[in-house]
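What follows is a short report on a single structure.
Throughout, read-outs are computed from the coordinates displayed, never taken from laboratory work. As the structure is a prediction and not an experimental result, all values here were calculated from the model. For neighbour counting, all protein chains shown are included, and Cβ atoms are generated from backbone atoms with ideal geometry for every residue, glycine included.
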Amino acid sequence: MNKRVDNKTIIILFIGIFLVVSLIRFNNSRKVYFANSNLIQLKIDQIGHKELNLNYTILESTIYLFNNNDKIEQAIKTLQKTIKNLKNDKNFRENFPKIYKKFVNSYIKEMDKKIELIYEFGAINSAIKNSNTYLINALSRLPYFHERYSSNMPHGYIRELMKSISNILLSKNSLRNFIDINDIKNLENVKFKTKKLQEFNNITTAHFKMIYKNFPIYQNYLKKITDTKCMDILSSINSEFFTKNLKRVKDINYVFYAIILLVILYTLFVIVLLAKINKENYKLNIASKKLRETIRTDMLTKLGNRQRYEEEIKGLDNIALFIVNIDKFKHINEYFGTDIGDSVLKKVASILKDITKNYDSKIYRLGADDFGVLVDKENIKSFEKVSEEIISWFENNKISIGKFSFRISVSIGISDKRPFFEKADIALSEVKESIRLKYLLFTESCKRVKNIENNINKTSILYQAIKDDRIVPVYQPIVDIETKKIVKYEVLARVVHEDGRVESIFPYLKIAMDNKLYFDITKAILIKSVSYLYDKNIDFNLNFSIEDINDNKIMNILKGLEESYKDIFKRITFELLESEAIEDYEAINSFIKYVKSKGAKIAIDDFGSGYSNFEHIIKLDIDYLKIDGSLIKNIDSNSGSLKIVSLMNKFAKDTNIQTVAEFIENEAIWQKLKELGINFGQGYYFSKPLESI
Amino acid sequence: MIRFFIFMSISIGIVCAQNLITPIPKEIKYNKQKAKIGKMLFFDTRLSKDKKVSCASCHKPSNGWSDNKKVSIGVFGQKDTIQTPTVLNAIFNFREFWNGRAKDLKEQVDTTLHNNIEMDMDKNSIEKNVNSIKLYKDMFKKDYVSYKMVVDAIAEFQKTLITPGAKFDRYIEGKVKLSKDELNGYKTFKRLGCITCHNGKNVGGNSFQKIGIIFKYDNCPNDRHSITKISIDKCVYKVPTLRNIALTPPYFHDGSAKTLKSAIEKMAYYNLGYIINEKEIKNIEKFLKTLTGNSPKLSE
């Protein structure tokens, strides 16, 4: 998902960069194009100007009698240079090939022709001008001739001469032919007696003839040179260029607008995209908020749960937590069903809220039937007052769910120290265990605290002892009550502390069971005691619990021992602890069957301590009953104990079971037991447990 | 359009103020090294087939860089058809040769070298001859001297052959006064219409004109018609420069006028339709002599 978003971003970024770059590049090439086309336009205009200039110099050379021809040459050269300039224009050639072709094929060709004509015209023009000069000069000499040679001149000669001269001048100045060849011929044929006059006439008529001959050519050339052919071509080139260029500029502008439009669309797209992302983000935020709320809320009571509680107490110190537990809520569920149970929870939640609202409290559901009431310590007078209020509400009010109406009670554990929950929970547990207490503020002296500390301490001792192989067997002699002679030993477990102190395993047994260490203890004692006692040639008792019997690993070890140590079972009596936990008599029966088949004997330990059930005992195939030490200890002073022990003994004898008494601490007890006919005994009166025998 | 009118009005202003004859510039820009080599080549007979003719054989510095013969004499003593025009101030001519077939000096040099009467060489033999001479290679600073470089160098040298400082130029510039006769000669030169064709920087050399426009001239070899084949171009030649004209007899394309006076008289008759008197001829001659300028800088 992330990767895809990244790709998209890159693509969008790329498109953006591409658009901006193309906009800049296109704009640049647009500028270049405008500059180039303007330059072409300028060059075309220049050619026009230079041609006009050339035409001007030509006309000037026809008008002025005296003229510097360098100027014409200069004008031609300038024009040719300008033409060459445009001809060499790469942009013109490449971008406007059609117009360029027209320029080269049509305009330049025509212009070359025109320039040739100009050179050719130069000769005619000079001749005409010179003859004009001559004729004007001749006019000035006519009066002189008239005075000097009038007698020799034919009548009307001067008049005819002047007529022809004026016709020529008229022609030259009007560019229309007024020359009459007959006049010239007549003049040519005039004969003079004077040599000088004849010469004059000859030369003048030569001029006339030259002019007559060349004037039409002159006219023709002048017309050709000054015609607008080249100009027209250039002008059409110009307008074609202008039109084409205009179209191009338009096209370029359209593209430019299109790109700008794209940029705008792109920007809009990005804006829409951003808005969409924002919207989705917003939705996602709300959803995740909801989800977080859900996670932190108990769906049933709509109260904050443990998690919310943990979050909300962060940084708070001056607070107190009341854990309010509904007493025997399990029974309500079992009795009325969970629907009613749930309704009770909801009701309790709202009741708690209501009761504590004055304290600005926060209510949580911290466990199945545990509610947390969190208050600021400044808002309450005392824990007692709050607790009493809650408890008395439930004592004084029934709660009704549908058609049911019943009373419930609550217990409260309180803590105002971190960790609030754990400490309040300990206090609550203590309340629960107590008959008297309804609520309790956690203090370090709470019984349970001590227990817990003790447990933790013992657990670590036990762990370490197992790890270091410091669980060892000791052997307490069992004697014949009659003879006081040792008949066998009971194997007991001891914990050897790190400092060498030896302690009974008894205080650790519950912890061993809770922490799944029972196996390790049994295993150590079994192996050590059997290997120690095997060659001692004496019978011994091993303690076995229901857990041991149910433990396949222990049973495997037992089988292993039976195989390794020949006939060992014949010397063993298994002491089974009689307790409430025994429900599965099948397992015990099969165990008894097994060990008995190998020659072992069975004893019931601590008989009469709690839940002894004669009926069950009868069902089992047992050899001994070990009467619980609590009955033996005061048998010499307590007649009740004496009666029970006597009854037990009688019952055992009736069912052919031998009896063993524990905790025989003095002679008086021994005497009583001897009187009762108990078979065996053990206790400090005879011997302490021995580390070796 | 506004620009055009400004341009026109400036042009008109110049025209009105401009002289019909303008002075030869005192300096001309050229490549010194090239011109130096060009000068050597100009006098080198190894550029001709018989190794006897150099450019200077016909364009003799002592004869106003022209020839005193009626026609040029080329390789193996062959006679050309036309009188040798001067190379002085040739750079200012609008075309080269009598009939204007070369548009500039390079073309003129190229044509002359190839002409089978004049030098009768080709590109390869010129390159062969020039490259056989170490000095040329050294001067060109090249391992191989191409034909184009040779032509370039000669043209560059010819470019330097200008003759500023003529009396008439100084007169135009207001530095000296012309004598009465010289001034009368100039006035006559204008009045008769000589100025119509002989004007500009080179007092000629800027247009094509027909010899014998009033009275027919018969001997017209190698005229413009021989190139353009247009009938109107018969007897049409480039107008020769009158600069240094006193130094370069004989005159006309056919060298038919042995003296300047004779040339003035003939021109007046054939082209202007005048029979001019001795006084006028003399004055014009005196005027024409004021067109003789200083020797070119590189001529020594």
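Some points to look at:
- Among A:Ala512, A:Ile602, A:Leu690 the positive-end extreme of the charge dipole of the protein assembly as shown (Cβ point charges): A:Ala512
- Dipole axis of the range A:251-292 (+1 Lys, Arg; -1 Asp, Glu on Cβ), positive-most option in A:Leu273, A:Val263, A:Ile252: A:Leu273
- For chain A, the relative contact order is 7 percent, taking Cα pairs closer than 8 Å that sit 6 or more residues apart in sequence and dividing their mean separation by the residue count.
- Cα-centred dipole magnitude for chain B, charges only on beta-carbon of K, R (+1) and D, E (-1), debye, nearest 20: 540 debye
- Springs join every pair of Cα atoms under 10 Å in this Gaussian network model of chain B, and among B:Asn68, B:Asn131, B:Asn283 the largest mean-square fluctuation is at B:Asn131.
- Exposure proxy order (Cβ contacts within 10 Å, fewest to most) of A:Ile319, B:Ile211: A:Ile319, B:Ile211
- In this structure, A:Lys528 and A:Asp376 have a Cβ-Cβ separation that, at R0 = 56 Å, corresponds to a calculated FRET efficiency of about 0.40.
- Taking the inverse of the mean 1/r over every pair of distinct Cα atoms in the range A:127-227 gives a Kirkwood hydrodynamic radius of 14.1 Å.
- Radius 13 Å from Cβ of A:Ala600, net charge of other residues (Lys, Arg +1; Asp, Glu -1): +2
- Length-normalised contact order of the range A:453-681 in % [C-alpha pairs under 8 Å, at least 6 apart]: 16 percent
- Computed from Cα positions, the angle between helix B:278-289 and the longest principal axis of chain B comes to roughly 40 degrees.
- Scoring A:619-629, A:516-526 by mean Cβ neighbours within 10 Å over their residues and listing the highest first yields A:619-629, A:516-526.
- For the range A:157-164, 3J(HN,Hα) per residue [Karplus equation, 6.51 cos²θ - 1.76 cosθ + 1.60, θ = phi - 60°, Hz, x = Gly/Pro]: 4, 4, 4, 4, 4, 5, 4, 5
- Simple rule: put +1 on each Lys or Arg Cβ and -1 on each Asp or Glu Cβ in chain A, find the dipole, and look at A:Val20, A:Val491, A:Gly681; the Cα lying farthest toward the positive end is A:Val20.
- Taken about its Cα centre, chain A carries a charge dipole of roughly 8120 debye when the Cβ of each Lys and Arg holds +1 and the Cβ of each Asp and Glu holds -1.
- Of the two radii for chain A, the radius of gyration is 1.71 times the Kirkwood radius, both from the alpha carbons; that is the Rg over Rh value.
- If you take the Cα centroid of the range B:224-300 and the Cα centroid of the range A:241-298, the two points sit 88 Å apart.
- Taking one quarter of the surface of the convex hull spanned by the alpha-carbon atoms of the range B:32-159 gives a direction-averaged projected area of 7.1 nm².
- Normalised by residue count, the range A:306-443 yields a Cα convex hull volume of 104 Å³ per residue.
- Equivalent ellipsoid, the range A:3-154 (semi-axes from 5 times Cα gyration tensor eigenvalues, Å): 68, 13, 8
- Filter on A:Lys81/B:Lys148; A:Lys98/A:Lys247; A:Lys289/A:Lys346; A:Lys195/B:Lys180; B:Lys36/B:Lys167; B:Lys258/B:Lys289 - keep pairs with C-alpha separation over 22 Å: A:Lys81/B:Lys148; A:Lys289/A:Lys346; A:Lys195/B:Lys180; B:Lys36/B:Lys167
- Cβ crowding within 10 Å, taken as a proxy for footprinting-reagent exposure, orders B:Leu247, A:Leu142, B:Leu135 from fewest neighbours to most as B:Leu135, A:Leu142, B:Leu247.
- From least to most packed, judged by other beta carbons within 10 angstrom and beginning with the fewest, A:Asp354, A:Asp183 follow the order A:Asp354, A:Asp183.
- The range A:164-200 versus the range B:30-49: alpha-carbon centroid distance in Å: 56 Å
- Annotation: average projected area of the range B:167-293 is 7.5 square nanometres, based on the convex hull of Cα atoms across all directions.
- Hydrodynamic radius (Kirkwood) for the range A:91-158, which is based on Cα pairs only, to one decimal in Å: 16.7 Å
- The relative contact order of chain B, computed from alpha carbon pairs under 8 Å that lie at least 6 residues apart in sequence, is 23 percent.
- Volume of the convex hull of the range A:604-686 (Cα atoms only), normalised per residue: 78 Å³.
- Over all pairs of different C-alpha atoms, the range B:125-203 has a mean inverse distance whose reciprocal, the Kirkwood radius, equals 16.5 Å.
- Only aspartates and glutamates eight or more places from B:Lys34 in sequence, or on another chain, were considered; those with a Cα closer than 13 Å are B:Asp138, B:Asp152, B:Glu156.
- Report summary: the helix-based calculation at 222 nm, which adds -39500 (n - 2.57) for every DSSP H run with n ≥ 4 and divides by the residues of chain A, gives -21000 deg cm²/dmol.
- Peptides B:266-274, A:118-126, A:546-554 ordered by packing proxy, namely the average of other Cβ atoms within 10 Å per residue, highest first: A:118-126, B:266-274, A:546-554.
- Long-range amide H partners of A:Asn69 with built H, under 5 Å: B:Asn199, B:Gly200
- By the helix-only formula, in which each DSSP H run with n ≥ 4 contributes -39500 (n - 2.57) and the sum is divided by residues, chain B has a 222 nm mean residue ellipticity of -11000 deg cm²/dmol.
- About the centre of its Cα atoms, the range A:306-443 shows a dipole size close to 300 debye [charges on the beta carbon of Lys, Arg (+1) and Asp, Glu (-1) only; nearest 20 debye].
- Angle between chain A longest axis and helix A:2-63 axis [Cα atoms, degrees, rounded to 10]: 10 degrees
- Across peptide A:135-142, the mean count of Cβ atoms from other chains lying within 10 Å of each residue's own Cβ comes to 1.
- Counting Cβ atoms of other protein chains within 10 Å of each residue's Cβ and taking the mean over peptide A:72-81 gives 2.
- Per the Kirkwood formula applied to alpha carbons, chain B shows a radius of gyration over Rh ratio, Rg over Rh, of 1.00.
- Charge tally in the Cβ shell below 13 Å around A:Ser239, where Lys, Arg are +1 and Asp, Glu are -1, A:Ser239 excluded: 0
- Descending semi-axes in whole angstrom, ellipsoid equivalent of the range A:453-681, from the Cα gyration tensor: 28, 21, 18
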